[in-house]
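*Asks:* Below is the structure I would like to discuss, written out as structure tokens.
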Amino acid sequence: MKRKIMVLALALCLLTTAAVYAGRGFSMKCQAQPDKDATTGQAEKSCGYEVEVTFGGGMFFDQVSGYCRACKKFVHVRWTRDNIPANMKGRIKATSRPAPLGEVWDAQTGKVMTIHACPTCKGPFLEIKNADELKYCPACNKPGFGIDKSKPELAID
């Protein structure tokens with residue numbers, strides 16, 4: 001009985017730790033209603049933009065995600081966490097959290113949003129903290145961009 005309780009306690013501790021550090025990956029898809037053609041009245045083809053987006057990091061790294069308008073893709077800035085075990089330090093290249101380019105205040109929502117440099121083009125991108133913040137498709141700019149519920153959610157660790 002004591003052994004079962006210890007195993008249960010260990011499992012609970014591991015799951016709690018994994019939940020703290022685990023990132024999440026989603027299949028995102030444009031689900032906007034296509035416009036109707038003015039002459040025929042038939043619906044045009046939908047945008048169909050699909051992408052995998054991850055938010056958060058893992059046990060040994062963290063990341064900031066966003067969409068770079070110049071590169072036309074979702075980008076991530078990653079750095080290593082401070083809690084890397086000594087035996088892993090030789091295998092993982094340590095990087096520090098990059099300083100953001102700045103912050104802006106959104107007058108419509110009252111949120112302060114952080115601006116980071118794109119790792120590809122060095123242009124600005126706004127931090128997106130989770131999939132719920134994505135409302136508009138970055139390809140067609142129509143409302144209806146969301147999680148594709150027909151595909152599995154990923155846990156990153």
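*Asks:* State whether one or more residues within segment 57-64 are surrounded by 11 or more Cβ atoms within 10 Å (Cβ to Cβ), touching a helix residue (DSSP H, G or I) at 6+ places or on another chain (Cβ under 6 Å), over 21 Å from GLU133 (Cα atoms) and among the hydrophobic types (A, V, I, L, M, F, W, C).
*Replies:* yes
*Asks:* Here's another thing I want to ask about it. Do any strands (runs of 3 or more DSSP E) entirely within segment 66-157 hold 3 or more residues that are free of Cβ contacts under 8 Å to residues at least 24 places away in the same chain, and if so, which?
*Replies:* So the answer is 73-80, 102-105, 112-117.
*Asks:* Right, another one. Based on this model, can you work out whether PHE145 counts as farther than 30 Å from LYS36 by Cβ and surrounded by 16 or more Cβ atoms within 10 Å (Cβ to Cβ)?
*Replies:* no
*Asks:* Can I ask one more? If the requirement is being within 27 Å of GLY144 (Cβ to Cβ) and in contact with a Pro (Cβ under 7 Å, 6 or more places away or on another chain), which of these qualifies: THR109, THR114, THR40?
*Replies:* THR114
*Asks:* Mind checking whether some residue in segment 73-85 is of a type in the set (Phe, Trp, Tyr), crowded, with 16+ Cβ neighbours inside 10 Å and either in contact with a strand residue (DSSP E or B) (Cβ under 8 Å, 6 or more places away or on another chain) or modelled with pLDDT of 90 or more (or both)?
*Replies:* Within segment 73-85, one or more residues are of a type in the set (Phe, Trp, Tyr), crowded, with 16+ Cβ neighbours inside 10 Å and either in contact with a strand residue (DSSP E or B) (Cβ under 8 Å, 6 or more places away or on another chain) or modelled with pLDDT of 90 or more (or both).
Residue-by-condition table, conditions (1) farther than 19 Å from GLY66 by Cβ; (2) exposed (fewer than 14 other Cβ atoms within 10 Å of the Cβ); (3) modelled with pLDDT under 90:
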| residue | (1), (2), (3) |
| --- | --- |
| ASN87 | yes, yes, yes |
| ARG91 | yes, yes, yes |
| GLY102 | no, yes, no |
| ALA117 | no, no, no |
| PRO124 | no, no, no |
| ASP132 | no, yes, no |
| TYR136 | no, yes, no |
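*Asks:* If you don't mind, another one. Which pairs have Cβ atoms under 6 Å, sit 6 or more apart or on different chains, and link a residue in segment 33-55 that is among the charged types (D, E, K, R) to one that is assigned to a strand (DSSP E or B) and at pLDDT below 75?
*Replies:* Pairs found: LYS36/ALA43.
*Asks:* Give segment 126-157 a look and list any residue that's farther than 14 Å from PHE55 by Cβ and either among the hydroxyl-bearing types (Ser, Thr, Tyr) or touching a Phe, Trp or Tyr at 6+ places or on another chain (Cβ under 6 Å) (or both), or say none.
*Replies:* Correct list: TYR136, CYS137, PRO138, ALA139, PRO143, PHE145, SER150.
*Asks:* Checking THR54 against (1) surrounded by 15 or more Cβ atoms within 10 Å (Cβ to Cβ); (2) in contact with a His (Cβ under 8 Å, 6 or more places away or on another chain); (3) part of a loop (DSSP other than H, G, I, E, B), which single condition isn't satisfied?
*Replies:* With (1) surrounded by 15 or more Cβ atoms within 10 Å (Cβ to Cβ); (2) in contact with a His (Cβ under 8 Å, 6 or more places away or on another chain); (3) part of a loop (DSSP other than H, G, I, E, B) applied to THR54, the lone miss is (3).
The values are calculated or read from the model by the stated rules, or taken from the named source; none is laboratory data. The structure displayed is predicted, hence computed values, not measured ones. Every residue, glycine as well, gets a Cβ built from its backbone with ideal geometry; the counts of neighbours run over all protein chains shown.
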